[in-house]
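Heads up: the structure comes next, in structure tokens.
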Amino acid sequence: MDIKKALYLEQDATYKYHQVKIYQPGDIYQYDNGEEEKIVFLDKGAALIQAQGRDSDWISHDLVTPKYIISLENMMTNVYVPSYLIYRVKFVETSKMYIVNREYFLNHLYLNPLDFQEFFESLGIKYINKTRMVAVSNERPLIKVANSLFAIIYTLHPKTQIKLCELPSYVTQKFISEYSSTGKARTSEALKLLEIMGIVEQKKPLKINVEKLSSFISDDH
């Protein structure tokens, strides 16, 4: 069961406990600390989580897909959340987003925990990806880029072991560079090496041989 069904949102016909918003590619949802009592997630579409870098540029550091809770820190009711935690969501596909009252969300979670299985699975996916990226953060660019590609593919296709993956157009060299914390020039070099190795089978759109990518990552570690 998906999250919105587990929350019985169709019964909230007057929208007392939730809002529904539609966004187009390029639209921005600016999250701020004044919304700590709201739980935000996508029902369909995709978006990038962005935070400001040193030069006030917005840097993409995560990929949001349906069932992933965007404002995860708002789940915490007894833990201090730093006031400087400010980020935004940039939509890269036509997306449907739900904004749900936290108390309403948590009440349903406590009553029917098994109905939130997909939600917990999405948390597990994010934890696995982030742990992996931290583990390779000091590796050479080729390793960081390869692991980033695998994390992105795993986020998009968590239930399917695919052999070949054509990535969406929003997975650009710039996004891979930011996601992997690798310079643009180094990212370009890494992608060229992966192409020579047969892992990158096509550049536009980016097509990845997932079997070869998995073998490369496994052999390297």
Checking Ser95 against (1) outside the structural domain of Ser60 (by TED's automatic domain parsing); (2) within 30 Å of Tyr15 (Cβ to Cβ); (3) touching a Gly at 6+ places or on another chain (Cβ under 7 Å), the condition it does not meet = (1)
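Could you list all residues from region 162-181 that are in contact with a helix residue (DSSP H, G or I) (Cβ under 8 Å, 6 or more places away or on another chain) and either in a loop (DSSP other than H, G, I, E, B) or in the same structural domain as Ile59 (by TED's automatic domain parsing) (or both)? Write out each step before concluding.
Keep residues of region 162-181 that are in contact with a helix residue (DSSP H, G or I) (Cβ under 8 Å, 6 or more places away or on another chain), which gives 162-165, 167-168, 171, 173-174, 176-177, 179-181.
Matches in region 162-181: Ile162, Lys163, Leu167, Pro168, Val171, Ser181.
Could you please find all residues in region 100-127 being of a type in the set (S, T, N, Q) and over 20 Å from Thr14 (Cβ atoms)?
Filtering region 100-127 down to residues of a type in the set (S, T, N, Q) leaves 101, 107, 112, 117, 122.
Once the filter is applied, which keeps residues that are of a type in the set (S, T, N, Q) and over 20 Å from Thr14 (Cβ atoms), region 100-127 yields Asn112, Gln117, Ser122.
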query = When you scan region 1-84 for strands (runs of 3 or more DSSP E) that lie fully inside it, which ones turn up with 2 or more residues that are modelled with pLDDT under 90, within 22 Å of Leu149 (Cα to Cα) and outside the structural domain of Asn147 (by TED's automatic domain parsing)?
reply = 47-52, 58-64
key: Filter result (charged (D, E, K, R), under 18 Å from Ser169 (Cα atoms) and without any contact (Cβ under 8 Å) to a residue 24 or more places away in the chain) within region 196-217   = Lys203, Lys204
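Would you confirm whether or not region 204-217 contains a residue that is aromatic (Phe, Trp, Tyr) and either within 19 Å of Leu48 (Cβ to Cβ) or not in a helix (DSSP H, G or I) (or both)? I'd like the intermediate steps shown before the answer.
Taking region 204-217 as the starting set, the residues that turn out to be aromatic (Phe, Trp, Tyr) are 216.
Still in the list and also either within 19 Å of Leu48 (Cβ to Cβ) or not in a helix (DSSP H, G or I) (or both): none.
No; the residues of region 204-217 include none that is aromatic (Phe, Trp, Tyr) and either within 19 Å of Leu48 (Cβ to Cβ) or not in a helix (DSSP H, G or I) (or both).
The values are calculated or read from the model by the stated rules, or taken from the named source; none is laboratory data. Predicted model only: the values in this text are computed from it and were never measured. Positions of Cβ are generated from backbone atoms using ideal geometry, with glycine treated the same way; all protein chains shown enter the neighbour counts.
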